[in-house]
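Colleague: Got a structure here, written out as structure tokens. Questions coming.
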Amino acid sequence: AVVSTQSTGDDAMTKGSVEPKHTIVSKTMLTGVDYQWGASSDTFATCGSAVGIWSVNRNEPLRSFTWGVDTISSVTYNKVETYMLASTASDRNIVLYDCRENQPLRKVILSQKTNQVAFNPMEAFNFTAACDDNNLYTFDMRKLKSPLNVHMGHVMAVLSVGYSPTGREFVSGSYDKTVRIFPVGKGRSAEVYHTRRMQRVFCTHYSADSKFVLTGSDETNIRLWKSVAWSQLGPVSARERSAFDYNKKLIDRYSEHPQVKRIKRHRNLPKMVKSISSEHMTIRSARRKKDENRRRHAKPGTVPRIAERAKHVVKEEE
């Protein structure tokens, strides 16, 4: 495998072809790469059979981490604690590393495979994982026994996740051909984006001003979405801005009214997503009813109540 670094300056972009500044040849296959954040940093990380820490000035990795024998599918640096990074592997684990150490720090094993991890740029200890069980999980890296929150809404595997620069929300892309925007502290999405032609969404990113979302999907298209669906593009007069602010305050004030809540939460969904979502809701309702019946007819205390956050973590290892 070959890793190439290229210049993104004006001179390089105006030329017809861009020549790489550095080329590094790896001895093993690479499945992911991420650059360490920092103005003076020349370090990046790769993943494959192991997680390697590289410098652009060297042809051999500075450090190499392994924990298990399965293929590592993605690696991500922390944007605040720049020496921390996380990786996901095909054996369902999420591993945390410190570039200054010689061994991985800890890992958590989930019930399903994790496809990607994203760190919160404003809360250095928190990260969100996109998993094959249709959910996203927000963890505190100091306590991996249970997630801080479970984010539901997708009906198929979640393939990508990316945080807003403000750290207040994140965007996810799924195999169900939809893009969802979740507030950090909420379990349900605030916005759902989809088009008739868009296929499986493999990558999602926020713009630097957090006003737009970029997505890449299976039909080889890159799409640009507004992070706030009702926001107006272009210049806004003072009168229009005051009207927007007034309407937002009205919605917040009466958000608990049943009809206002229904209108605020309603989103148009593709027919396939809506039918699968209804089916999943029926299955969850049947499982809850079955558990209540077992609890009602069993000896008190023999059928404990298990929180949703505790159902998806298998174990934590250090």
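The values are calculated or read from the model by the stated rules, or taken from the named source; none is laboratory data. This one's a predicted model, so the numbers in the text were calculated from it and none came from an experiment. As a convention, Cβ positions derive from the backbone with ideal geometry for all residues, glycine included, and neighbour counts pool all protein chains shown. Just so you know, the surface numbers come from the protein's heavy atoms only, side chains and all, with ligands and any DNA or RNA stripped out. Shrake-Rupley method; radii C 1.70, N 1.55, O 1.52, S 1.80 Å.
Colleague: Taking the Cα atoms of segment 74-152, report the difference between the largest and smallest coordinate on each principal axis, in whole Å and largest first.
Modeller: The principal-axis extents, from largest down, are 34, 27, 21 Å.
Colleague: A further question on this structure: Rolling a 1.4 Å sphere over the protein heavy atoms, what is the accessible area per residue of segment 231-318, to the nearest Å²?
Modeller: 91 Å²
Colleague: Separation of segment 265-299 and segment 46-65 by C-alpha centroid, Å?
Modeller: If you average the Cα positions of each part, the centres end up 46 Å apart.
Colleague: So which residue, out of 215, 46, 23, gets the largest mean-square fluctuation from a GNM of the chain using Cα contacts under 10 Å as springs?
Modeller: Evaluated over the chain, the most mobile residue of the options is 23.
Colleague: Please give the contour-minus-distance gain from residue 297 to residue 105: 0.36 nm per residue of separation, less the Cα-Cα distance, rounded to one decimal in nm.
Modeller: 64.7 nm
Colleague: For Kirkwood radius over Cα pairs in Å, the listed values are (i) 19.1; (ii) 22.0; (iii) 30.3; which was obtained by calculation from the structure presented?
Modeller: Recomputing Kirkwood radius over Cα pairs in Å here picks out (ii).
Colleague: If you roll a 1.4 Å probe over the chain with all protein chains in place, what percent of the accessible area is carbon or sulfur?
Modeller: Summing carbon and sulfur atoms, their accessible area is 51 percent of the total for the chain.
Colleague: Also, quick follow-up: Per DSSP helix of 4 or more residues, -39500 (n - 2.57); summed, then divided by the residues of the chain. What does that give at 222 nm, rounded to the nearest 500?
Modeller: Value at 222 nm, helices only: -5500 deg cm²/dmol.
Colleague: A further question on this structure: Stick to the Cα atoms of segment 149-234, pair each with every other, and give me the Kirkwood hydrodynamic radius in Å at one decimal.
Modeller: Across segment 149-234, the inverse of the average 1/r is 12.8 Å.
Colleague: Highest GNM mean-square fluctuation, the chain, Cα pairs closer than 10 Å: which of 171, 161, 260?
Modeller: 260
Colleague: Name the long-range amide H neighbours of residue 202: under 5 Å, sequence gap of 5 or more, or other chain; modelled H, no Pro or chain starts.
Modeller: For residue 202, the qualifying residues are 216, 217, 218.
Colleague: While we're here: Between segment 142-182 and segment 189-226, how far is it from one alpha carbon centroid to the other, in angstrom?
Modeller: 13 Å
Colleague: Around residue 255, under 9 Å between beta carbons, what's the net of Lys plus Arg minus Asp minus Glu among the other residues?
Modeller: So the environment of residue 255 carries a net charge of +1.
Colleague: Quick check: with the 1.4 Å probe, what order do 281, 198, 152 take by accessible area, largest first?
Modeller: Ranked list, largest accessible area first: 281, 152, 198.
Colleague: Considering only protein heavy atoms, with the full assembly of protein chains and a 1.4 angstrom probe, order 205, 312 by accessible area, largest first.
Modeller: Final ranking, largest accessible area leading: 205, 312.
Colleague: While we're here: Taking springs between alpha-carbon atoms closer than 10 angstrom, which of 277, 49, 285 fluctuates most in the Gaussian network model of the chain?
Modeller: 285
Colleague: Give, as a single signed number, the net charge of other residues whose beta carbon lies under 14 Å from the beta carbon of residue 271, with Lys and Arg counted +1 and Asp and Glu -1.
Modeller: +2
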